[in-house]
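The values are calculated or read from the model by the stated rules, or taken from the named source; none is laboratory data. Predicted model, so just to flag it, every value in this text is computed and none were measured. Every residue, glycine among them, receives a Cβ derived from its backbone with ideal geometry; neighbour counts consider all protein chains shown. The protein model used for the area step is the full one, side chains on, heavy atoms only, and it has no ligands, DNA or RNA in it. Shrake-Rupley method; radii C 1.70, N 1.55, O 1.52, S 1.80 Å.
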Amino acid sequence: MIYPIVAYGNPILKKEAEEIEEGDDIKTLVADMFQTMEHASGVGLAAPQINKGLRLFVIDSNHMLDEDAEEKGVRKAFINPILLDEYGNPFAFEEGCLSIPEVRAEISRPEKLTLEYFDEDWNLKEEEFSGLTARVIQHEYDHLEGILFIDYLKGLKKRMVKSKLIDISKGKVPTDYRMVYP
Ligand code: NI
């Protein structure tokens with residue numbers, strides 16, 4: 001099932017998401033999230049973006065990487081993740097978000113991270129991620145904390161996106177996928 005994606009301005013995007021009860025059957029939800037993400041040609045999708053305040057996100061960083069890239073892409077679901085550490089040289093990368101169409105901005109984040117999470121079979125994992133996969137995880141993890149990438153913008157850059165954000169929240173920015181507006 002393809003869910004509509006919550007647009008900027010909906011309060012759920014600013015709320016901290018809640019833990020999922022361990023052992024809950026989330027396979028259908030995870031499959032639906034992958035389907036919704038792929039339908040919208042996204043590389044990541046967090047549950048609040050489909051109007052569910054749960055600590056769950058899916059990513060597929062394969063589409064971000066060139067075929068000859070050294071880094072391998074990751075297609076995975078992360079349940080109740082805990083960001084244990086971020087390290088390495090911060091680098092700037094242009095981010096976008098399915099909830100904030102047509103807005104892109106360079107954001108600087110550390111290169112690597114260690115994450116503890118459950119997979120969709122409720123196996124507990126601890127794993128290190130780096131490069132563009134780490135970047136997608138950082139962006140999606142922020143969604144669970146109620147943080148959007150545009151929250152990092154300051155001054156002139158912040159002012160430059162303001163009118164676009166108002167247009168998005170009013171449904172004035174057309175997308176190839178279905179959205180719910182505040
Ligand atoms: Ni996003």
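Annotation note: GluC sites (Glu not before Pro) in the stretch 9-50 located in DSSP loop regions with a Cβ neighbour count of at most 16 within 10 Å are Glu16, Glu19, Glu21, Glu22.
Using the Cβ-Cβ distance between Thr114 and Glu145 with R0 set to 25 Å, the FRET efficiency from 1/(1 + (r/R0)^6) comes to roughly 0.90. Residues Glu102, Glu94 ordered from highest to lowest accessible area at a 1.4 Å probe: Glu102, Glu94. Residues Asp142, Asp85, sorted by accessible area with the largest first, give Asp85, Asp142 [1.4 Å probe; ligands and nucleic acids excluded]. Here the stretch 12-78 and the stretch 139-166 have alpha carbon centers that stand 20 Å from each other. Over 27 Å apart at the Cα level, from the set Lys72/Lys157; Lys125/Lys157; Lys112/Lys162; Lys52/Lys76; Lys125/Lys158, are Lys72/Lys157; Lys125/Lys157; Lys112/Lys162; Lys125/Lys158. Rounded to the nearest Hz, the phi-derived 3J(HN,Hα) couplings of the stretch 104-119 under the Karplus curve 6.51 cos²θ - 1.76 cosθ + 1.60 (θ = phi - 60°) are 9, 7, 6, 10, 9, 9, x, 6, 10, 7, 10, 10, 9, 7, 9, 7, where x marks glycine and proline. Between Asp85 and Ile166, the contour length at 0.36 nm per residue exceeds the alpha carbon distance by 25.7 nm.
When both bridge partners sit in the chain, DSSP labels roughly 90% of those beta bridges antiparallel.
Once the chain from Ala31 to Tyr177 is taken as fully extended at 0.36 nm per residue, the excess over their C-alpha distance is 50.8 nm. The overall shape of the stretch 5-180 is oblate: from the C-alpha gyration tensor, with semi-axes ordered a ≥ b ≥ c, the ratio a/c is 1.5 or greater and a/b is no larger than b/c.
Of the residues Lys172, Lys52, ranked by 1.4 Å probe accessible area with the largest first, the sequence reads Lys172, Lys52. Which aspartates and glutamates have a Cα less than 15 Å from the Cα of Lys14, not counting those fewer than 8 places away in the same chain? The qualifying aspartates and glutamates are Glu140, Asp142, Glu145, Asp151.
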